[in-house]
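Only the coordinates and a few stated rules stand behind these numbers; no lab work does. For clarity, every value in this text was computed on a predicted model and none was experimentally measured. No Cβ is skipped: glycine too gets one built from the backbone with ideal geometry, and neighbour counts run over all protein chains shown.
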Amino acid sequence: MTFIDGAAPPETELVKDGSDQGFMADVIEASRAAPVIVDFWAPWCGPCKTLGPPLEKAVRKAGGKVRLVKINIDENPGVAGQLGVKSIPAVYAFDQGRPIDGFMGAIPESQIKLFVDRLAGADMTAEIEPLLEQAADSLKLGDIGGAAQGYTAVLQLDPENVKAIAGMARIALSQGDAEQTQEILAHVPPEKANDPEVLSVKAALDLAAKAEAVGDNDELGAQVAANPTDWRARYDYAEALSARGDLEAASEELLTIIAKNRDWNEGAARTQLLKIFEAAGPTSEVAKQGRRKLSAILFS
């Protein structure tokens, strides 16, 4: 059906059931006029039932700038098989006759809206900062899945967003995957290599790299408890804590050294403390509280 003068199609045309036989007309050819989303689903699939209504809602709200074709793979397995669909729900977006984007599984309604709005050509720049804040908050709370979803959504809008790249790298590092962390950081554009967020993750990566070299936390802690002025043991204990991600406790140990013997080992404690601040991030509580305490020690 052809619509003249750029008029939006009727709402009944925005969301429709599709088939293997009608795929060429309903998706491939139709996507030359406007992006078409294909939702592969089945009646027995619980997540499909969760995804369907908000996806339809977002498509209708786009007012004809994008359309949705729903294909029941039990009745129409052909195209799904050709596309390599192995689990559902599986969503593909087609534009100008070819697949350009997609996702697997049920995702939050906010992510669905972003997906549809982006295909519809909406200006998404205003969405980036709230997504970054939400992802950062999720990461602080230990919600790795929520943080990853937020950063991924930002990278879909802005593939070179350095905060999102650094956020994904920090997620990989929090899971102990140094190799993946480095691979993610390799996507940072060269001109943004010295961004504070990137330098922060690199500093955290350097600290984590010492995890195998430092001693046992409990053993070092016991040495410090037995001899509080054994600065080497306390310094090593701080290194062990920071290598295992406990930056707050590590900074407290180093602050103790600086308060009692700031020149020990040519100021090694202060140098290490600044690395911890960088690894934690300039706006982190570890850095903010630690700098206040350091200032109080140095200028008292």
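So how strong a dipole does region 4-107 carry about its Cα centre when Lys and Arg Cβ are +1 and Asp and Glu Cβ are -1, to the nearest 20 debye? Before the final figure, lay out the partial values.
Working: 11 positive and 13 negative charges, 68 e Å.
Value, rounded to 20: 320 debye.
In a shell of Cβ-Cβ distance under 11 Å around A172, excluding A172 itself, what net charge do Lys and Arg (+1) and Asp and Glu (-1) give? All intermediate terms of the calculation are to be shown ahead of the outcome.
Numbers: positive: R170; negative: D177, E179, E183.
Neighbour charge sum, excluding A172 itself: -2.
Within the chain, what is the longest stretch that has no chymotrypsin sites (Phe, Trp or Tyr not before Pro) placed in a DSSP loop and near at most 14 other beta-carbon atoms within 10 Å?
Numbers: sites that count: F3, W44, F299.
Result for the longest clean stretch: 45-298.
Which of Q156, S19, N76 sits closest to the plus end of the dipole of the chain, meaning its Cα is farthest towards the positive end, when Lys and Arg get +1 and Asp and Glu get -1 on the C-beta?
Towards the positive end, the residue furthest out is Q156.
For K57, give me every one of the lysines with a C-alpha distance below 25 angstrom, ignoring sequence neighbours fewer than eight places off in its own chain.
Within the straight-line limit of under 25 Å, K57 reaches these lysines: K16, K49, K65, K70, K113.
Which far-off residues, 5 or more places away or on another chain, put their amide H under 5 Å from the one on K70, with H placed in the peptide plane?
K16, D17, G18, D39
If you place +1 on the Cβ of every Lys and Arg and -1 on the Cβ of every Asp and Glu, how big does the dipole about the Cα centre of the chain come out, in debye to the nearest 20? Present the calculation step by step, with values, prior to reporting the outcome.
Numbers: 30 positive and 45 negative charges, 105 e Å.
With Lys and Arg at +1 and Asp and Glu at -1, about 500 debye.
Tell me whether region 40-80 comes out rounded, prolate or oblate; compute the Cα gyration tensor, take square roots of the eigenvalues as a ≥ b ≥ c, and use a/c under 1.5 as the rounded threshold.
Numbers: a/c = 4.22, a/b = 1.57, b/c = 2.69.
Oblate, since a/c reaches 1.5 and b/c is not below a/b.
Could you work out Rg/(2.2 N^0.38 Å) for region 4-107, with Rg from alpha carbons only? Write out the running numbers ahead of the final one.
Values: Rg = 12.9 Å, N = 104, 2.2 N^0.38 = 12.8 Å.
The reported ratio for this selection is 1.00.
Of (1) 141; (2) 151; (3) 166, which is the value of volume of the Cα convex hull per residue in Å³ derived from the coordinates here?
(3)
Tally Lys/Arg at +1 and Asp/Glu at -1 over every other residue whose Cβ is under 15 Å from the Cβ of I144; what's the total? Can you show the working numbers first?
Numbers: positive: K140, R170; negative: D137, D143, D177.
Taking every other residue near I144 into account, the sum is -1.
What's the exposure ranking of V38, V27, going from fewest to most Cβ atoms within 10 Å?
Ranked by crowding around the Cβ, least crowded first: V27, V38.
Where does each of D195, D26 land when they are ranked from fewest to most other beta-carbon atoms within 10 angstrom? Don't skip to the end; give the middle numbers.
Working: D195 16, D26 19.
Neighbour counts put them in this order, fewest first: D195, D26.
Using DSSP to call loops (not H, G, I, E or B), can you name the GluC sites (Glu not before Pro) in region 180-241 whose Cβ has at most 13 other Cβ atoms within 10 angstrom?
Hits after loop and neighbour filter: E212.
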